[in-house]
Amino acid sequence: MKHQVFPSYAALCRAVADEIAAVVRSRPNALVCLASGHSPLGVFACLIDDVRNGRLNLSHCEWVGLDEWMGMNGADPGSCRQMMDEFLFHPLGVSPAKIHFFDGRAAHPMGEVDRIAKRIAEAGGLDVMLVGIGTNGHIAMNEPGTPFSTHTHISALAAETIEVGQKYFQSPTPLEKGITLGLADFAESRLPILMANGPKKAAIIKRLLHEDQNEQLPASILHGLNHALLMTDQEASPN
């Protein structure tokens, strides 16, 4: 992996957006997977600004959702799809036909796993996959102990993830499982990017940089990925 450090969150987001834009310019019909959550919001804003000012065309891209809370979909405030709709898909005017997102309310969750896995396989893999990192080192909803070989699957959430996940909801919300792309999907994407910002992520980024690759630290899969980018702001970078 290549580690890049930026002086501010704004500079980090601009750089991440530029990496995504470069992929799309070389492959206009790219299959793109971007994380929901707070960390990538600045990236979304940069991409939207680029499109509105004519610097970037995303109209031919297709989009794959990274993960979703089980029992939720875009109709649920705080769901991953609701956040992506609000902060990216709707501002860009993306056609629903170009969005492949897990439905955590589906009667047959494994059907959702198979549906998303099939679309990725049909496209020959993801062109770019942007993820954040949890304070326990998880990527998407791949918790510590998840095998690096895992593709799309249903995950039991760690207690820490359940606790931190409450920030997306207006009131206490039961969370138990997630449906998510796997660590192998990240490794196999043409451009895997992990971004982290803020002082709360400094401790886990320090672990990532100093620990050997091991499945108890899911993000350590980056150590075996020469084509991966670790992009952090100064506050998330250990001293």
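Some values worked out for this structure:
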| read-out | value |
| --- | --- |
| For the stretch 142-202: accessible area per residue (Å², 1.4 Å) | 45 |
| Under-5 Å amide H pairs with S155, H placed in peptide plane, nonlocal only | G178, I179, T180 |
| Among M110, M72, M129: highest mean-square fluctuation, GNM of the chain, C-alpha pairs under 10 Å | M110 |
| Charge sum, other residues only, whose C-beta stays under 15 Å from N29's C-beta, Lys/Arg counted +1 and Asp/Glu -1 | +2 |
| Sulfur and carbon atoms: percent of accessible area, the chain [1.4 Å] | 53 |
| The chain, helix-only ellipticity at 222 nm - DSSP H runs n ≥ 4, -39,500 (n - 2.57), divided by all residues, nearest 500 | -9000 deg cm²/dmol |
| Order by protection proxy (mean Cβ within 10 Å, highest first), peptides 157-170, 135-148, 92-105 | 135-148, 92-105, 157-170 |
| Length-normalised contact order for the chain - Cα pairs under 8 Å, 6+ apart - percent | 26 |
| Set K2/K201; K118/K201; K98/K177; K167/K201 screened for pairs whose C-alpha atoms are more than 22 Å apart | K118/K201; K98/K177 |
| Summed side-chain charge close to P91 - residues other than P91 whose Cβ falls under 13 Å, Lys, Arg +1, Asp, Glu -1 | -3 |
| Answer label for semi-axes √(5λ) of the Cα gyration tensor in Å (calculated), chosen among (1) 23, 22, 18; (2) 27, 20, 19; (3) 35, 22, 16 | (1) |
| Sequence-distant residues sharing a close amide H with H3 (under 5 Å, placed H) | L230 |
| Translational D in µm²/s for the stretch 116-212 (Stokes-Einstein at 37 °C, 0.692 mPa s, Kirkwood Rh from C-alpha pairs) | 225 |
| Centroid-to-centroid separation of the stretch 83-141 and the stretch 1-68 [C-alpha atoms, Å] | 15 |
| Rounded accessible area of V128 (nearest 10 Å², 1.4 Å probe) | 0 |
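The values are calculated or read from the model by the stated rules, or taken from the named source; none is laboratory data. Computed from a predicted model, the values in this text were never measured in an experiment. Counting neighbours? That spans all protein chains shown, and the Cβs are built from the backbone with ideal geometry, glycine included. Just so you know, the surface numbers come from the protein's heavy atoms only, side chains and all, with ligands and any DNA or RNA stripped out. Shrake-Rupley method; radii C 1.70, N 1.55, O 1.52, S 1.80 Å.
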